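Working notes, beginning with the structure itself.
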Amino acid sequence: MRKLYFILSLLLSLQSFSFNDSIVKFSNAINTNITEYISKSNLAYLEKDYKKAELLLDSLIYKNLIGTHFDDFSFKRFGKKRIQLNESITTPVMIFTYASWCLIEKGEIVALNKLANEYKGKIKIIVVFWDTKNSVRKVSKKFNSQIEICYANERNNKDLRAIKLLKNTLGFPTSYFLDSNKNIVSIKKRSLKATYKIDFKTSLKNNYNSYKNEITQLIISNSSPNYQLAKK
């Protein structure tokens, strides 16, 4: 009986390993598709065909990146050790990338702070600034303690891989939504232009509802382990 239990456990472990090993990594999908995307995208912008450029980005994301396994990136945090995505986080994750000079929507930070409190322990929110610690110190204070504020720049060798695969490919500001297994459920490229004509109350409502919908999608996908996984 003990031998049978051991064999069954071994078979389940091998099956799990085989399944996980067959999922496409985000980095592999980027390396395979980014050169062609950049070439076509540059041409579209050169011809001022902005609609085509937008469609090319959507195609890259939905055909090649959704369902891939996000790499185990690590980021430096304020006053803490580096956070390791796949090792230290067991919940779904929302990652927002900025630079310190980005014009953040009026109500965006407040909306994220509210959602971080509402979904404490259920969703991890990480904000990554492609900048130095000193450059983001001031803006980091606007986020509450439930949100992990990180920074990365070319001066730190440990940041170079994330910069190459995230910042230098999809740019910023960009949001990545991952299930608890760190598989990509959604990617959103946000505008660099703040909407000045929208008042704070409307901006807060729009951002809150938008990100709450993303959280709902994360929770749904997290309850379905094989949800839209990209396979080799």
Report, by residue number, each residue of the stretch 118-146 that is open to solvent by 60 Å² or more (accessible area, probe 1.4 Å), outside any helix (DSSP H, G or I) and not charged (D, E, K, R).
Gly121, Ser145
So which pairs qualify, if the first residue must be in the stretch 123-151 and in contact (Cβ under 8 Å) with a residue 40 or more places away in the chain, the second must be part of a strand (DSSP E or B) and among the polar types (S, T, N, Q), the Cβ gap must be under 6 Å, and the two must be at least 6 apart or on different chains?
Val128/Thr97
Leu103 vs. criteria touching a Lys or Arg at 6+ places or on another chain (Cβ under 8 Å) and under 27 Å from Phe26 (Cα atoms):
no
When only residues in the stretch 147-174 that are among the polar types (S, T, N, Q) and over 18 Å from Val93 (Cβ atoms) count, which is surrounded by the fewest Cβ atoms within 10 Å (Cβ to Cβ)?
Asn157
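Which one of Ile198, Ile149 is hydrophobic (A, V, I, L, M, F, W, C), at pLDDT 95 or above and not in a helix (DSSP H, G or I)? Quick ask: steps written out before the conclusion?
Numbers: Ile198 fails: at pLDDT 95 or above.
On inspection, the qualifying residue turns out to be Ile149.
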Could you tell me whether the stretch 94-101 includes any residue that is in contact (Cβ under 8 Å) with a residue 12 or more places away in the chain, open to solvent by 10 Å² or more (accessible area, probe 1.4 Å) and over 28 Å from Asn209 (Cα atoms)?
no
Quick check on the stretch 33-40. Is at least one of its residues loosely packed, with under 13 Cβ neighbours inside 10 Å, among the hydroxyl-bearing types (Ser, Thr, Tyr) and over 15 Å from the mean Cα position of the chain (by Cα)?
yes
Restrict the check to the stretch 146-157 and report whether at least one residue is among the charged types (D, E, K, R) and more than 16 Å from Ala99 (Cα to Cα).
no
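The values are calculated or read from the model by the stated rules, or taken from the named source; none is laboratory data. These numbers were taken from a predicted model, which means no experiment stands behind them. Glycine also receives a Cβ, built like all others from the backbone with ideal geometry; neighbour counts cover every protein chain displayed. These area figures cover heavy atoms from the full protein model, side chains too; ligands, DNA and RNA do not enter into them. Shrake-Rupley method; radii C 1.70, N 1.55, O 1.52, S 1.80 Å.
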